[in-house]
Amino acid sequence: MSATTGYRHITTDSGGTPRIGRTRYKVIHLAGEHYHYGWTGEEILRQHPDLKPEQVYAALTYFYDHHDELVRELKESAQEVNAQRSHQKLSRAELLARK
């Protein structure tokens, strides 16, 4: 079940995660592409041709309206990934060599 938010193209799933309508995209994913890579709305649209402009700009509006919270979440996620990488015993090259 999803609930509507104050943003026409953003819904919240049963876990409380804001998503772009009924798509597979979470707002945090597009926010991350914008925040980490500096992608504009136009670039996000090029990278995700299955999205509509109004969906992308709703996600970016949501991001800026919840900037501090989402940036904190993005940074925590990046820290978790880096911590997991430090425990990885095999390098990427070694893993690929096993193929």
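The values are calculated or read from the model by the stated rules, or taken from the named source; none is laboratory data. Computed from a predicted structure; not experimentally measured. As a convention, Cβ positions derive from the backbone with ideal geometry for all residues, glycine included, and neighbour counts pool all protein chains shown.
Residues in region 4-27 that are more than 13 Å from residue 56 (Cα to Cα), in a loop (DSSP other than H, G, I, E, B) and among the hydroxyl-bearing types (Ser, Thr, Tyr): how many?
3
Listed residues 62, 57; which is out of contact with any Cys (no Cβ under 8 Å at 6 or more places or on another chain), among the hydroxyl-bearing types (Ser, Thr, Tyr), free of Cβ contacts under 8 Å to residues at least 40 places away in the same chain and not in a loop (DSSP other than H, G, I, E, B)?
Result of the check over 62, 57: 57.
Those residues that are loosely packed, with under 10 Cβ neighbours inside 10 Å and part of a helix (DSSP H, G or I), I need them from region 82-96; list them, please.
Once the filter is applied, which keeps residues that are loosely packed, with under 10 Cβ neighbours inside 10 Å and part of a helix (DSSP H, G or I), region 82-96 yields 82, 83, 84, 85, 86, 92, 93, 96.
Given the criteria within 20 Å of residue 22 (Cα to Cα), surrounded by 13 or more Cβ atoms within 10 Å (Cβ to Cβ) and aliphatic (A, V, I, L, M), does residue 56 qualify?
Judged against the criteria, residue 56 is a match.
Restricted to region 12-22, and to residues that are surrounded by 15 or more Cβ atoms within 10 Å (Cβ to Cβ) and at pLDDT below 95, which residue is nearest to residue 75 (Cα to Cα)?
It comes out as 12.
Being part of a loop (DSSP other than H, G, I, E, B), farther than 24 Å from residue 76 by Cα and either in contact (Cβ under 8 Å) with a residue 40 or more places away in the chain or under 14 Å from the mean Cα position of the chain (by Cα) (or both) is the filter here; which residues of region 33-50 pass it?
Once the filter is applied, which keeps residues that are part of a loop (DSSP other than H, G, I, E, B), farther than 24 Å from residue 76 by Cα and either in contact (Cβ under 8 Å) with a residue 40 or more places away in the chain or under 14 Å from the mean Cα position of the chain (by Cα) (or both), region 33-50 yields only 48.
Return only the number of the condition from (1) more than 12 Å from residue 70 (Cα to Cα); (2) out of contact with any Phe, Trp or Tyr (no Cβ under 8 Å at 6 or more places or on another chain); (3) surrounded by 14 or more Cβ atoms within 10 Å (Cβ to Cβ) that residue 28 does not satisfy.
Residue 28 satisfies every listed condition except (1).
Look at region 59-73 and say how many of its residues are surrounded by fewer than 15 Cβ atoms within 10 Å (Cβ to Cβ) and within 12 Å of the chain's Cα centre (by Cα).
2
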